[in-house]
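One structure is given below, encoded as structure tokens.
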Amino acid sequence: MSRIGYKVIEVPENVTVTNNGSDYTVKGPKGALTRHFEPAITITQEGQEIKLDRPDDSYKALHGTMRSNLQNMIIGVTEGYEKKLKLIGVGYRAQLQGKKLVLNVGYSHPVEMTAPEGVKIEVPSNTEINLSGISKQVIGEFAATIRGVRPPEPYKGKGIRYVDEYVRRKEGKTGK
């Protein structure tokens, strides 16, 4: 049984956590994030430690989720988050035109995508895309949107995938 919600969150020296009712703001060297939290879960800050407590067991899942969200906000404003994608396929390439990401992935037209607020796109080579920012949720959603343009297929492995993703390959027809 998971006890993640009861783990104490250590707040670094250069980070401030403030609340306005149920809205919590975390400010750090990389920026600031604000998020609304469920008022039933009590959040108490004592010095550089934050503890979360739930009223009863009906809030178990929400308790752990809120603790992880607050921890991710603190990590985001201190270290930041990064996702890396790669394009695999003949003629597949990515370009950065201003703030737009242009993908040529086998369609009759290039796919243009605009980054959400707070996401930095880098294209070190024409088959690699690096996303970075302070919000783990926004980075993950945008990376999933890019991957959804052309998900990897199981026969040849072509498509857009995360750098550490393993795509299970299928054999296909044998010719008999």
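The values are calculated or read from the model by the stated rules, or taken from the named source; none is laboratory data. Just so we're clear, the structure is a prediction, and the values are computed from it rather than from any experiment. Methodologically, a virtual Cβ is constructed for each residue, glycine included, from the backbone with ideal geometry; neighbour enumeration extends over all protein chains shown. Heads up: the accessible areas ignore ligands, DNA and RNA and are worked out on the full protein's heavy atoms, side chains in. Shrake-Rupley method; radii C 1.70, N 1.55, O 1.52, S 1.80 Å.
Residues Ser108, Ser68 ordered from highest to lowest accessible area at a 1.4 Å probe: Ser108, Ser68.
Please list, by residue number, everything in the stretch 120-140 whose backbone N is under 15 Å from a paramagnetic label point 7 Å out along Cα→Cβ of Asn20. Residues passing the 15 Å test: none. Distance between the C-alpha centres of the stretch 95-133 and the stretch 51-79: 32 Å, rounded to the whole angstrom. Between their Cα atoms, which of Lys60/Lys136; Lys7/Lys158; Lys83/Lys170; Lys30/Lys60; Lys27/Lys99; Lys136/Lys173 are more than 30 Å away from each other? Violating the 30 Å limit, Cα to Cα: Lys7/Lys158; Lys30/Lys60; Lys136/Lys173.
Length gained on full extension, Thr127 to His109, computed as 0.36 nm times the residue gap minus the Cα-Cα distance: 4.7 nm. Short-range pairs are left out: with C-alpha atoms under 8 Å and at least six residues apart, the relative contact order of the chain is 18 percent.
Relative to the Cα centre, what is the charge dipole magnitude of the chain, using +1 at the beta carbon of each Lys and Arg, -1 at the beta carbon of each Asp and Glu, and rounding to the nearest 20 debye?
Numbers: 27 positive and 20 negative charges, 253 e Å.
Dipole magnitude for the chain comes out near 1220 debye.
Full extension of the segment from Glu82 to Asp164, taken as 0.36 nm per residue of separation minus the current Cα-Cα distance, would add 28.3 nm.
Against the set (1) 137; (2) 167; (3) 112, the structure's computed volume of the Cα convex hull per residue in Å³ falls on (2). For the stretch 36-111, a/c is not less than 1.5, where a ≥ b ≥ c are the root eigenvalues of the C-alpha gyration tensor, and a/b tops b/c. That puts it in the prolate class.
The length gained on full extension between Lys30 and Leu96, counted as 0.36 nm times the residue separation minus their Cα-Cα distance, comes to 21.4 nm.
The mean accessible area for residues of the stretch 9-79, using a 1.4 Å probe and ignoring ligands and nucleic acids, is 55 Å² per residue.
Taking each DSSP H run with n ≥ 4 as -39500 (n - 2.57) and averaging over every residue of the chain yields -6500 deg cm²/dmol at 222 nm. Dipole of the chain computed with +1 at Lys/Arg Cβ and -1 at Asp/Glu Cβ about the Cα centre; of Thr174, Ser125, Met113, farthest Cα towards the positive end is Thr174. Roughly what angle does helix 60-78 make with the longest principal axis of the chain, taking Cα atoms, 0 to 90 degrees, to the nearest 10? The angle comes out at about 80 degrees.
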